[in-house]
Amino acid sequence: MKDKLFVSASPHITQNNGGVRRIMIDVLVSLCPVIIAATFFFGYAVLINIAVAVAACIGFELLYDAGINHKFKKGCLKNASIKDGSAAVTGVILALNFPTFVKVEAWDFNFYDPRIHTPIVSDMIFSFDTLLLLILASLFAVVVVKMLFGGIGKNFVNPAAAGRVFVFIMVGLAAVQTVGLGLDASTGATWLEGKVTPNGSTLLNMLIGNTGSAAVGETCAIAILIGFVYLVIRKVIDFKLPLVIVGSAFVFAVLFDGLIKQHLPIGEILPNACAHVLSGGLLFGAVYMSTDYATSPNTDWGRAIYGVGTALIAMLIRVFGGYPEGMSFAILIMNIVTPLIDRYVYPRPFGYVKVKKEKKKKQDKEGAKV
Amino acid sequence: MQSTFKRGVHPAANKGLSDKKNIVFMPPPSVVYISTAQHIGKAAKPIVAKGDRVIEGQKIAEADGFISAPVFSSVTGTVKEIKTMNTPLAKAEHIIIERDETSEETFRLKPLGEKQRTRENILERIKECGIVGMGGAGFPTHVKLQPKDKVDTFIINAAECEPYITCDYRILLEYTEPFLRGALYMAKAVGLDKVYIGIEDNKTDAANFVSNVAASKGYNVEVKILKSKYPQGAEKQLIYAMTGRKVPTGALPSAVGAVVDNVHTALSVCLAVEDGQPLYKRIMTVSGGGITEPKNFWAAGGTQYGEILSFCGGAKEGGDEPVKFISGGPMMGIAVSDEEIASTKTTSCLLLLTEDEAFTGKPQPCINCGKCASACPMRLMPMYIDSFILNGDVGGAVKYGAKNCIECGCCAFSCPAKRPLVQSIRLAKKKAREAGL
């Protein structure tokens, strides 16, 4: 027995929770309702996009890890970092952050219905542009944002949000149009671009996802809620952060859009704020992207600041800014603020006794003298 | 609602392996290796020399200073040698005694009569009998029972929150009366007449049994059932669970008027007061999936681990081969590889864990999920302490609370990336001490 013993520091048992991979698989499972809803409303192209984005993310991470970290030595595949599954999660979230079809005016490699002479996005059959952009976004998300900064857990912003913003700024947001293949209402621009005062049926359509949206994943609020509940039950995410974001976004929508900008009558303020919450990437971002472990604070108060900040920036961009949608930018900005939050907001140990201010000043003075 | 402390984890208790096993007696080995460093504080000074004849219970090393405790021979025989040997963590002087198998002689102090059991006499007796905290730390009990602050609550820690260990549980069931009397003597030694006992709700049978016995004997004892959670038995967490008081950081429990002691210590105090028996043997648990026959038994101090294992049938062969040999519990014990290490006053448990039970994998990168911070009963941020100290920043590690760590292991237990966080925090504590922070 003696030559087989393993010696290490305590504790000698660990929770049998499946490790990092189990967390990533849970996230993938929680994304399933969103994928199903997106495919239902926008068609098969969603699945193609997801497959390409996941393959690209895994491929780039594998290449980087095997080539740069392991120099293609023996065993580089066996120890590959993609095994933790985070690349697949990035891929799926990235694809869900894209519209079904994108047309890039500069080159336009898409196939259109041949019967139509003036090609418009809604008559697209297959879009190489989207796939190309997805691969570019994957490259940026995985290699630049994640691997160059040290791999899993060291990314400084959410990779999927960064990939999306990078590509969308590059090709210009105007070129992006979403087209629904499902029901009637899902064809057309998002509510955020038009901003007609919503009535009951628009809100209901937003809730079930039968509406135009700039990204396929954000369309169905119910699917996102199901995913949220699953993640909370599996204890993958803290339930408070998405609630803080959505709650404060609602308040800011009432304040900025309802009261300051549009001076809406009281009866329309609340539906308008509801529409703000239900449309665009707010829910999807709050549940799946702002909760990214590496880029969100680790204390309750830190998360509260982070959540309110995210909602504030998103609503400022939506209401006063140049873009109809600001969630990705808001997440990116607050991601960068996170280390600062964790620096100042951290828990005091159990039994911590506050040093009184006068006493502390005295101590500081004495310290300075020494 | 049952009270408990905040945060913490729920490891599988695995007490079923040994909790139905009655306490038996392990025959003393032919040679014992008695360490002079069985407690926190200065090691005891040997007062015997090679070739001396000693009898069971005789003092063979005396306390060196106030925070120290004497050491007694656990067998009757001849001192063979005094030499430095390994302990689980370091090296210490060991007195090696060869047992004389023909002699049954034992040495006892004079028992204290009913009227002699005053505060001073009990304290003196605890000191003379070398009683230390038998939960694992080994703090000399006579020091603990003379706190500087005024104390109003005396608590017996019967939480036994570490998985596998069942020796305290068996004492509660089998040595109930001596244990309760010992606890009352200790309470008397701190100037109180009431004992609070904290037991977790996975041992309600023992809790009910103890409170029934106490009621029938008219002892002033209150049993409080706590919600099972690890580390309930940690001193500060137990005080919070029992009384709602928070021990300030860097202070002793007596700062909030509480003194906590262990079940087996109370039993030892009773034996010392009523029988005059010094502390040289103890009840321990041997358990784990890799041992042939898990047991609870009295073992003479200084018995080598190898002998203890063979008393329990030795390690399993074939599929359930042990991969880890632990002195102590699975959460805070020390992994050892040397079967020549000898048991001490604080060896409460030996575990042989199999591949399925123990973690032997490699750590992965931290994903900053914060599970360690939400498990930490001391409200620290282990992930930052880990990353700061691994990058050489001692100040940063101290800022996130490294010095307040109780090393309970909740962080590393709950880490999905299986990082050795406790090891990092120990490093941080050491570096902080060196840097004088």
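A short reminder: the numbers here are calculations on the coordinates, not readings from a lab. What you see is a predicted model, and the numbers here were worked out from it, not measured in a lab. Cβ sites come from the backbone with ideal geometry, for glycine too, and all protein chains shown count toward neighbours.
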**Q.** Least to most buried among A:S30, A:S8, B:S73 (fewest other Cβ within 10 Å first)
**A.** A:S8, A:S30, B:S73
Q) Between their Cα atoms, which of A:K73/A:K146; B:K236/B:K403; B:K20/B:K203 are more than 20 Å away from each other? A) A:K73/A:K146
Q: Of the DSSP beta bridges with both residues in the protein assembly as shown, give the percent that are antiparallel, rounding to the nearest 5.
A: 65
Q: Whole Å is fine, so just give me how far the alpha carbon centre of the stretch A:36-91 lies from that of the stretch B:4-37.
A: 48
(Q) Can you give me the distance in nm between label points at B:E293 and B:N220, each placed 7 Å from the Cα along the Cα-to-Cβ direction? (A) 4.5
Q.
I want the local charge near B:K429. Using Cβ-Cβ distances under 15 Å, sum +1 for each Lys or Arg and -1 for each Asp or Glu among the other residues.
A. +2
Q) Can you give the Rg to Rh ratio for the stretch B:110-275, taking only C-alpha atoms and Rh from Kirkwood? A) 0.93
Q. If you average the sequence gap of Cα pairs under 8 Å that are 6 or more apart and divide by the length of chain B, what percent do you get for the contact order?
A. 19
Q. Considering every pair of different Cα atoms, what Kirkwood radius, in Å, is found for the stretch B:258-338?
A. 14.5
(Q) Could you check the spin-label model distance between A:F126 and A:F239? Points 7 Å from the Cα along Cα→Cβ, value in nm. (A) 4.6
Q) Using the 10 angstrom Cβ neighbour count as an exposure proxy, how do B:T243, B:T36 rank, fewest first? A) B:T243, B:T36
Q) So what's the gap between the Cα centers of the stretch B:39-115 and the stretch B:217-262, to the nearest angstrom? A) 32
Q.
On a straight-distance basis, which lysines could pair with A:K235 in a cross-link, Cα separation under 23 angstrom, same-chain partners fewer than 8 positions away excluded?
A. A:K83, A:K154, B:K6, B:K227, B:K229, B:K371, B:K418
Q) So what is the relative contact order of the stretch B:371-435, in percent, for Cα pairs below 8 Å that sit 6 or more residues apart? A) 38
Q | Rg/Rh (Cα only; Kirkwood hydrodynamic radius) as it applies to the stretch B:371-435 | A | 0.92
Q | the stretch B:309-437, relative contact order in percent, only Cα pairs under 8 angstrom and at least six apart counted | A | 21
Q) So what is log10(I(q)/I(0)) for the stretch B:310-402 at q = 0.14, 0.20, 0.25 1/Å, when the Debye sum runs over its Cα atoms only? A) -0.75, -1.02, -1.21
Q) At what distance in angstrom do the alpha carbon centres of the stretch B:287-356 and the stretch B:263-283 lie from each other? A) 23
**Q.** Reachable lysines, given that their alpha-carbon falls under 17 Å from the alpha-carbon of A:K78 and they are not under 8 places away in the same chain
**A.** B:K362
Q: Mind grabbing the base-10 log of I(q)/I(0) for chain B at q = 0.09, 0.11 Å⁻¹? Debye formula, identical points on the C-alpha positions, no solvent, two decimal places.
A: -0.57, -0.87
(Q) What does the net charge come to around A:L148 if you take all other residues with beta carbon closer than 13 Å to its beta carbon, with K and R at +1 and D and E at -1? (A) 0
(Q) For the stretch A:222-287, place one equal point scatterer on every Cα, skip the solvent, and apply the Debye formula. What is log10 of I(q)/I(0) at q = 0.13, 0.21 Å⁻¹? (A) -0.40, -0.81
Q. In whole Å, what three semi-axes, largest first, describe the equivalent ellipsoid of the stretch A:270-315 built from its Cα gyration tensor (square root of 5 times each eigenvalue)?
A. 22, 12, 7
Q | Residue order, fewest to most beta carbons within 10 Å, for A:K235, B:K281 | A | A:K235, B:K281
Q) How long are the three semi-axes of the equivalent ellipsoid for the protein assembly as shown, computed from the Cα gyration tensor as the root of 5 times each eigenvalue, in whole Å, largest first? A) 64, 28, 23
Q) So if R0 is 56 Å, what FRET efficiency would B:D100 and A:V29 give, r being the distance between their Cβ atoms, rounded to the nearest 0.05? A) 0.25
